[in-house]
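See below for the structure under consideration.
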Amino acid sequence: DFSSKYGLTYRLNTGHTAVHYNDSTKMVWEPVTNRCEYYARVKETVGGVVHALDQRQSFHMDTFPEDLNKKVTLIKYFKSYLGKGKVKDVEVVTCTPFKMAAPVLLTEPNMVSRSEERR
């Protein structure tokens, strides 16, 4: 199980491989162009309040930044591991687009209709 040591990895039916690393950074690898996006977690203080923001860095997998060597190596391994088809102890989840029969009506949870007020 890689999730406890490195983070959550997944592969979409589009071929994209992605990892949400345990340090809250993320990496998405697009297979056709071999382009990768890395999202570093950056803390910013605004008005005395600390906010965590994602800072995006894009690169080609053949010319990745040296400081990301370990994470690039991991996502390459995960891509090959998940591309093997059925893998022991790996759950494959297939999702289909969700279509509602009718649109959902959004109302305030504390709103009461006039007919309910009279009861």
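The values are calculated or read from the model by the stated rules, or taken from the named source; none is laboratory data. It should be emphasised that the depicted structure is a prediction, and the values quoted were computed from it without experimental measurement. Here Cβ is always computed from backbone atoms with ideal geometry, including for glycine, and neighbour counts include all displayed protein chains.
Considering each residue of the stretch 20-69, count those that are in contact with a helix residue (DSSP H, G or I) (Cβ under 6 Å, 6 or more places away or on another chain) and more than 26 Å from SER4 (Cβ to Cβ), and give that number.
Of the residues in the stretch 20-69, 1 are in contact with a helix residue (DSSP H, G or I) (Cβ under 6 Å, 6 or more places away or on another chain) and more than 26 Å from SER4 (Cβ to Cβ).
Taking SER4 and the conditions (1) part of a strand (DSSP E or B); (2) at pLDDT below 90, which numbered condition does it fall short on, given that it satisfies the others?
Result: SER4 passes all but (1).
Does HIS20 count as modelled with pLDDT of 90 or more and surrounded by 15 or more Cβ atoms within 10 Å (Cβ to Cβ)? Reasoning before the result, please.
On the way: modelled with pLDDT of 90 or more: yes; surrounded by 15 or more Cβ atoms within 10 Å (Cβ to Cβ): yes.
Yes, satisfied.
What is the residue count in the stretch 26-43 for residues that are assigned to a strand (DSSP E or B) and surrounded by 12 or more Cβ atoms within 10 Å (Cβ to Cβ)?
Residues flagged as assigned to a strand (DSSP E or B) and surrounded by 12 or more Cβ atoms within 10 Å (Cβ to Cβ) within the stretch 26-43 amount to 12.
Regarding VAL72, is this residue in contact with a helix residue (DSSP H, G or I) (Cβ under 8 Å, 6 or more places away or on another chain) and either in a helix (DSSP H, G or I) or at pLDDT 95 or above (or both)?
Spelling it out, VAL72 is indeed in contact with a helix residue (DSSP H, G or I) (Cβ under 8 Å, 6 or more places away or on another chain) and either in a helix (DSSP H, G or I) or at pLDDT 95 or above (or both).
Conditions (1) more than 15 Å from the chain's Cα centre (by Cα); (2) surrounded by fewer than 12 Cβ atoms within 10 Å (Cβ to Cβ); (3) free of Cβ contacts under 8 Å to residues at least 24 places away in the same chain, marked per residue:
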position: LYS5; (1), (2), (3): yes, yes, yes
position: TYR10; (1), (2), (3): no, no, no
position: GLY15; (1), (2), (3): no, no, yes
position: SER24; (1), (2), (3): no, no, no
position: THR45; (1), (2), (3): yes, yes, yes
position: ALA52; (1), (2), (3): yes, yes, no
position: GLN55; (1), (2), (3): no, yes, yes
position: SER58; (1), (2), (3): yes, yes, yes
position: MET61; (1), (2), (3): yes, no, no
